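For reference, the structure is listed below as structure tokens.
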Amino acid sequence: DAKTTQPNSMESNEEEPVHLPCNHSTISGTDYIHWYRQLPSQGPEYVIHGLTSNVNNRMASLAIAEDRKSSTLILHRATLRDAAVYYCIPDHYNQGGKLIFGQGTELSVKP
Amino acid sequence: DAGVTQSPTHLIKTRGQQVTLRCSPKSGHDTVSWYQQALGQGPQFIFQYYEEEERQRGNFPDRFSGHQFPNYSSELNVNALLLGDSALYLCASSLGYRTSGNTIYFGEGSWLTVV
């Protein structure tokens, strides 16, 4: 399984952009990169995923490095509701649906 | 459109007892996975069901077993409960087996406390 490295915690101010980094240097060429977040006392929530190109949706943007060894989740304007643990998870092509969660990054948002 | 629903939301069991947790996947999804999340840790994959068979399994003992029904709903059973089984149990659903790149949806979980 591909290993990931994320900062344990990050802080942001409300309405400012947030860049959450993830290193996944052992990822294989066919592994998608998924991002999930988990708010306190809730189940994980899908944020975004991508393979090679940068991806955008209503929640966030995902910037994937050209060598795919790292990616960055971008929240364009952080809100208090974005305070959560963010997980970066490579999805191995042959184990689709089996997500290996690391420790994630705990994001706190200050008003 | 209902998402993934789990029951019960909270329960307390005694060491040595058995517990059954239930999950209904998101409409249209045919694959169900179960995860265990201890306090302060990330979720850990227990197993995955597709076409009523266990397809993938994580590093969990045989005390953990499951079942998937023809309507795709699923149960997680844990026998001979230990104090260490106290955790949040999460059900996740997706479409297709071993299809990477799919969005996986999680339920809110069942909180199990073993005393």
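None of the figures in this text is laboratory data; all of them are computed from the coordinates on show. Predicted, not measured: the structure shown is a model, and the values here were computed from it. Cβ placement follows ideal geometry from the backbone for every residue including glycine, while neighbour counts extend to all protein chains displayed.
Specify which residue in the list A:L62, A:T79, A:S108 is farthest towards the positive end of the charge dipole of the range A:47-109, using unit charges on the beta carbon of Lys, Arg (+1) and Asp, Glu (-1), about the Cα centre.
A:T79
Over chain B, with a Gaussian network built from C-alpha contacts below 10 Å, which listed residue (B:G40, B:G96, B:G28) shows the highest mean-square fluctuation?
Of the options given, B:G40 has the highest mean-square fluctuation.
Compute, for the range A:1-58, the length of the dipole vector about the Cα centre, with Cβ point charges of +1 (Lys, Arg) and -1 (Asp, Glu) only. Units Debye, rounded to 20.
Working: 3 positive and 7 negative charges, 48 e Å.
So the magnitude is around 220 debye.
Mind giving me the FRET efficiency for A:S108 and A:T5? R0 is 22 Å, r the Cβ-Cβ distance, nearest 0.05 is fine. Display every interim value, and only then the final one.
Values: r = 20 Å, r/R0 = 0.90.
It comes to 0.65.
Please state the relative contact order of chain B as a whole percent: Cα pairs under 8 Å, 6+ residues apart?
Working: 299 pairs, mean separation 41.9, N = 115.
Averaging sequence separation for qualifying contacts and normalising by length gives 36 percent for chain B.
Which residue fluctuates most in the GNM of chain B (Cα springs below 10 Å): B:S27, B:S93, B:S73?
Residue with maximal mean-square fluctuation among B:S27, B:S93, B:S73: B:S27.
In percent, how large is the relative contact order of chain A, given Cα pairs closer than 8 Å and 6 or more residues apart?
On the way: 272 pairs, mean separation 40.6, N = 111.
Result for chain A is 37 percent.
Sort B:V78, A:V55 so that the residue with the fewest other Cβ atoms within 10 Å of its own Cβ comes first and the one with the most comes last.
With the sparsest Cβ surroundings first, the list reads A:V55, B:V78.
Hey, fewest Cβ within 10 Å first, where do B:L39, B:L82, A:L107 land in order? Don't skip to the end; give the middle numbers.
Values: B:L39 7, B:L82 12, A:L107 21.
Final ranking by Cβ density, sparse to dense: B:L39, B:L82, A:L107.
I'd like to compare A:39-51, B:9-21: which one has the highest average count of other Cβ atoms within 10 Å, and what's the full order after that? Present the calculation step by step, with values, prior to reporting the outcome.
On the way: A:39-51: 17.2, B:9-21: 13.0.
Ranked from most to least packed, the peptides come out as A:39-51, B:9-21.
With charges set only on the Cβ (+1 for Lys and Arg, -1 for Asp and Glu), what does the dipole of the range B:10-103 come to about its Cα centre, in debye to the nearest 20? Can you show the working numbers first?
Numbers: 8 positive and 8 negative charges, 56 e Å.
Taking the Cα centre of the range B:10-103 as origin, the dipole is about 280 debye.
Please give the Cα centre distance for the range A:44-64 versus the range B:82-115, rounded to the nearest Å.
With the range A:44-64 and the range B:82-115 each reduced to a Cα centre, they are spaced 22 Å.
Given N residues in the range B:26-89, what is its alpha carbon radius of gyration divided by 2.2 N^0.38 Å?
Working: Rg = 12.2 Å, N = 64, 2.2 N^0.38 = 10.7 Å.
Against the empirical 2.2 N^0.38 Å value, I get 1.14 for the range B:26-89.
Just tell me how shielded B:45-51 is by partners: mean number of partner chain Cβ atoms within 10 Å of each residue's Cβ, no decimals. Could the numbers behind the result be given before it?
Values: counts 6, 0, 1, 4, 0, 1, 0.
Counting Cβ atoms of other protein chains within 10 Å of each residue's Cβ and averaging gives 2.
With the crude spin-label approximation of a point 7 Å out along Cα→Cβ, what separation in nm comes out for A:S25 versus B:R22?
About 4.9 nm, to one decimal.
Calculate the FRET efficiency for A:T52 and A:E16 from the Cβ-Cβ distance with a Förster distance of 30 Å, rounded to the nearest 0.05. Provide the component values of the computation, followed by the final result.
Working: r = 28 Å, r/R0 = 0.95.
Rounded to the nearest 0.05, the efficiency is 0.60.
Measuring from label point to label point, each 7 Å out along Cα→Cβ, what is the B:L83 to B:A38 span in nm?
It works out to 1.3 nm between the two label points.
Please work out the C-alpha center-to-center distance from the range A:67-108 to the range B:1-40 and express it in whole Å.
Cα centroid to Cα centroid, the span is 23 Å.
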